[in-house]
Number of protein chains: 2
Amino acid sequence: MKENEALDKEVVLHDALLAALTSRDDTAICQIVEDTYPIDLGIVMEQFSDEEILYLCGQLKDEKVAEILEHAEENLQIRLMRILDNNRIISLLHFMSKDNIVDILGDMPVNSRKEIVKLMKFGERKIIQDLLGYAEDTAGGIMTTEYISVKQDLTVSQALQKIKEIGPKTEEINTIFVLNNVKQLVGTVALRDMLLAQDTTKLSEIMQDNVIAVEPEADQEEVAMLVSKYDLHVIPVVSKRRGLLGIITVDDIIDVIVEEHTEDMLRLGGVSKEENIDSSLMDSVRMRLPWLVINLLTAFLAAFTVSMFESTISRVVALAVAMPIVAGMGGNAGTQTLAIVVRSIALGEVKWGNNKRLVLKEIFLGVINGAATGAITGVLIYFMFGNVYLGWIIFAAMICNLVIAGFFGFLVPLILKAMHADPAVASSIFITTATDVFGFFIFLGFANVFIQYLL
Amino acid sequence: MKENEALDKEVVLHDALLAALTSRDDTAICQIVEDTYPIDLGIVMEQFSDEEILYLCGQLKDEKVAEILEHAEENLQIRLMRILDNNRIISLLHFMSKDNIVDILGDMPVNSRKEIVKLMKFGERKIIQDLLGYAEDTAGGIMTTEYISVKQDLTVSQALQKIKEIGPKTEEINTIFVLNNVKQLVGTVALRDMLLAQDTTKLSEIMQDNVIAVEPEADQEEVAMLVSKYDLHVIPVVSKRRGLLGIITVDDIIDVIVEEHTEDMLRLGGVSKEENIDSSLMDSVRMRLPWLVINLLTAFLAAFTVSMFESTISRVVALAVAMPIVAGMGGNAGTQTLAIVVRSIALGEVKWGNNKRLVLKEIFLGVINGAATGAITGVLIYFMFGNVYLGWIIFAAMICNLVIAGFFGFLVPLILKAMHADPAVASSIFITTATDVFGFFIFLGFANVFIQYLL
């Protein structure tokens, strides 16, 4: 499915559904809804008015509305929770998995959330309140409680019977969790292995022990890393004494990975993950200005460096023309080293210590790349200003600054990592500050020393 | 599991396994291998010598070695294929899924690959050769052929019987693919629904039609987007006439998402995805230098702009001190806008056309953030140089350059997208070039016009 096709489909669906809604053609509405994925309905509904959405939901069964609600974007979820009445909401929740309920409740104003929770049955309320207690970006915050757990001394046929009974109510059925007598998680059995085994086989004989599990406080990124590394389809969340608290399914893990990716890209660009294209002007100012001010301070550091050489520049103005080249190229080279090192840190290939060889490589890289770009720059500067010494000075300064770029590009992320800061985001400002300050200092410093050749 | 814990575990495992290998303690070796996940064994084996790896593999069953091979990093895969003899390799392949076999063969030298393929049985060879024909980053390149397909007029109990027969040989068993009489894919049935249905129910009654599928030429990123959007655990790959060619499972999709993420981050940093921390010095030069040279050309554009104002700078050297601030802040602000717009393009929120309101917002943002940072800069510059007019000029130039940053930050990615280039990567060089050139031009231009107040 190509992107434009997808877009066209969206428009067709939107128009058809709107026409059916406007003409109150309930048969057409039901037909369209029947033929469409809930997520696509949600996307189209975002553009409808509250009245249109209310009428549409009025025509649909709870199960369908619940599906749409579960798969909708946050904005539509908030709107639906606002315009539907509380009794309808309570009926919808019966068809939704606990992790999605908690997600949606977490986005509501505290008072409305409390009202809804109060209307729930006692058992359900207890579970939801427990889940709401975990931070949003931890294993506890994304886990659900719809799993099947069985005792280890059950036989395959007994377990299959239990699955048939409670299967319809659970999210995950392909992996069955096996508990011992004190309710600790001791293993998992894949549904496929149960189907292929003899009926009288005990679960403990076919289960996989040595289960990879996480505690509820684990960061969601760490959970995603485990799921990705071990190719898991579901990961259990356990207490310190290995009691089974919940499970996290692979579709939620994909959401985590995509979310973290988006967040990384935004933070690298110096914007908050809270901001989006529809943020109000003042919200955007509030979120972007602090980063600009931090950058301004580092820009002043560079400016102070330049100001130390005011008299040199006043004697050879060509220096003012050439100096941004040296500083800028250092920044580019430093960012290259940074990108490689950050990736290696993420993959666990580089650790603090024993990497003298790698620093040396970056330094040599700085020498070679600096010499290559410095030579080009030197020749061009010579032709621009007709002074061969200026060409040699920029050649030497470029090599020095690219060596500095490699050195800082390598060490800054490692130091930040050792200090438990995010190396991807914070590194770049330190590295560009270093390459700016040193770039200006070295180039203007060389010029100052050899000033008599430049006049 | 915390990162340090994971690292410690790795060291313990490495030492224990090495000790067992060195003392040829085969019982200990088997015990360690039994208790360890194949992926972890692979990580540790990377540090072993060829002899140690050969001895280890000699002690293990084909099934175990195949598991290690499937889950290993590319480097170890290449090494194993090189040091194991071809007959052993052929036995290993029986235990591996087709997509993994194709992955590994794809990384081998052409001659060795041909030798192995020649040794395969005819049926298998045909499948592998077909799969090798697809590009690595397409749906065809990552699909596997181990799925279960059944005819739509089968009953649930007939289908379950078939699953028990061929289940052990397939990768994906939780979703069964339903074909019509001319072998077109017409639906899917979840294993759970079969278990919960009556034995005599026809599959066509409980199957989900309207299946989301992709063609083999589809880009893997597009496939990942569909899987993520619709929360799929498996996606079928079909021919133009909807014949079932293969399936892609969710764990491979996670690999795709992580791979594309890494690639984006590296390309944003100006490095090739082929480079890693262990690349040789000359490989790193070869991969990084071209990007630096491109940046050098844009740096010269900025330098030429500065050179137009040489005489102005020679009369007021303070300009050389302040000018990098204006240019740099424009770059930062442009990158912020770029990050927001690129994310919105990826989510399909922004399209070419109908976004006058959004451009206007970025322009106003430029005015406000420019005024704020410009005011700080103006005051500091006034204190540095004691000239109030220089403060006002930098204030005005900052506003103009941040407006330009917002304008280009918004339009450049949209234009690149419309030209089918990757907006995330190529945009940044155009935007920084624009903010550098305009930043210098506006600031020095203002200074030139009001030169009598600056002397």
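The values are calculated or read from the model by the stated rules, or taken from the named source; none is laboratory data. Bear in mind the structure is a predicted one, so any value in this text is a computation, not a measurement. Methodologically, a virtual Cβ is constructed for each residue, glycine included, from the backbone with ideal geometry; neighbour enumeration extends over all protein chains shown.
Taking the criterion of being among the hydroxyl-bearing types (S, T, Y) and assigned to a loop (DSSP other than H, G, I, E, B), the residues of segment A:239-274 that qualify are A:S239, A:S272.
From the list B:L196, B:L191, B:L245, the one residue that fits, being farther than 25 Å from A:A346 by Cα and more than 7 Å from every other protein chain (Cβ to nearest Cβ), is B:L245. Scanning segment A:39-58 for residues that are of a type outside the set (D, E, K, R) and surrounded by fewer than 18 Cβ atoms within 10 Å (Cβ to Cβ) yields a total of 6. Among the residues in segment B:418-440, are any in contact (Cβ under 8 Å) with a residue 60 or more places away in the chain, more than 13 Å from every other protein chain (Cβ to nearest Cβ) and under 36 Å from the mean Cα position of the chain (by Cα)? Among the residues of segment B:418-440, at least one is in contact (Cβ under 8 Å) with a residue 60 or more places away in the chain, more than 13 Å from every other protein chain (Cβ to nearest Cβ) and under 36 Å from the mean Cα position of the chain (by Cα), which makes the answer yes.
When the strands (runs of 3 or more DSSP E) confined to segment A:124-203 are screened for residues that are at pLDDT 90 or above, assigned by TED's automatic domain parsing to the domain that holds A:V227 and buried (at least 20 other Cβ atoms within 10 Å of the Cβ), those reaching at least 3 such residues are found at A:175-179, A:185-190. For segment B:342-354, state whether one or more residues are surrounded by 18 or more Cβ atoms within 10 Å (Cβ to Cβ) and acidic (D, E). Within segment B:342-354, not a single residue is surrounded by 18 or more Cβ atoms within 10 Å (Cβ to Cβ) and acidic (D, E). Looking across A:V117, A:V44, A:V102, one residue alone is under 21 Å from A:D278 (Cα atoms) and either of a type outside the set (S, T, Y) or at pLDDT 90 or above (or both). It is A:V44. Kindly establish whether B:I90 is in contact with a helix residue (DSSP H, G or I) (Cβ under 9 Å, 6 or more places away or on another chain) and over 30 Å from B:I127 (Cβ atoms). No, not satisfied. Of a type in the set (V, I, T), assigned by TED's automatic domain parsing to the domain that holds B:A302, over 14 Å from B:A333 (Cβ atoms) and surrounded by fewer than 17 Cβ atoms within 10 Å (Cβ to Cβ): does that describe B:V425? Answer is no for this residue.
Looking only at residues in segment B:36-61 that are acidic (D, E) and under 32 Å from the mean Cα position of the chain (by Cα), the one that is farthest from the other protein chains (Cβ to nearest Cβ) is B:D50. Taking only segment B:62-89 into account, find how many residues are among the charged types (D, E, K, R) and within 13 Å of chain A (Cβ to nearest Cβ). Qualifying residue count for the region: 4. Taking the conditions exactly as written (of a type outside the set (G, A, S) and within 23 Å of B:M282 (Cα to Cα)), does A:E310 satisfy them or not? Here the answer is no, as A:E310 does not meet what is asked. Considered as a group, the residues in segment A:378-388 that are crowded, with 17+ Cβ neighbours inside 10 Å and either touching a residue at least 60 places away in the same chain (Cβ under 8 Å) or closer than 27 Å to B:S279 by Cα (or both) include one that is nearest to the other protein chains (Cβ to nearest Cβ), and that residue is A:M384. Checking each residue in segment B:257-311 for being of a type in the set (A, V, I, L, M), at the interface with chain A (Cβ under 8 Å from one of its Cβ atoms) and under 24 Å from the mean Cα position of the chain (by Cα) picks out B:I257, B:V258, B:M265, B:L266, B:L268, B:V271, B:I277, B:V285, B:L289, B:L292.
Here B:E217 does not qualify as modelled with pLDDT under 90, within 15 Å of B:I142 (Cα to Cα) and not small (G, A, S).
Taking first residues from segment A:157-181 that are farther than 18 Å from A:N210 by Cα and partners that are aromatic (F, W, Y), the Cβ contacts under 7 Å between residues at least 6 apart in sequence or on separate chains come to A:T170/A:Y147; A:E172/A:Y147. Evaluate the following for B:A213: is it crowded, with 19+ Cβ neighbours inside 10 Å, under 23 Å from A:I68 (Cα atoms) and in contact with a helix residue (DSSP H, G or I) (Cβ under 7 Å, 6 or more places away or on another chain)? No; evaluated as a whole, the condition is false for this residue. Criterion applied to A:N369, A:N276 was being touching a Lys or Arg at 6+ places or on another chain (Cβ under 8 Å) and without any contact (Cβ under 8 Å) to a residue 12 or more places away in the chain, and the one residue passing it is A:N276.
Quick one: in segment A:322-365, of everything that is more than 26 Å from the chain's Cα centre (by Cα) and outside any helix (DSSP H, G or I), which residue is nearest to the other protein chains (Cβ to nearest Cβ)? Across segment A:322-365, the extreme among qualifying residues is A:N355.
State whether the residues of segment A:240-252 include one that is under 16 Å from A:F177 (Cα atoms), in contact (Cβ under 8 Å) with a residue 24 or more places away in the chain and of a type in the set (S, T, Y). Taking every residue of segment A:240-252 in turn, at least one turns out to be under 16 Å from A:F177 (Cα atoms), in contact (Cβ under 8 Å) with a residue 24 or more places away in the chain and of a type in the set (S, T, Y).
Which one is nearest to the other protein chains (Cβ to nearest Cβ) among residues in segment A:216-238 that are outside any helix (DSSP H, G or I) and under 27 Å from B:E171 (Cβ atoms)?
Of all residues in segment A:216-238, those outside any helix (DSSP H, G or I) come to A:216-219, A:230-238.
Right, trim to under 27 Å from B:E171 (Cβ atoms) and you get A:230-237.
Numbers: A:Y230: 6, A:D231: 4, A:L232: 8, A:H233: 7, A:V234: 10, A:I235: 11, A:P236: 13, A:V237: 13 Å.
So, considering only residues that are outside any helix (DSSP H, G or I) and under 27 Å from B:E171 (Cβ atoms), the one nearest to the other protein chains (Cβ to nearest Cβ) is A:D231.
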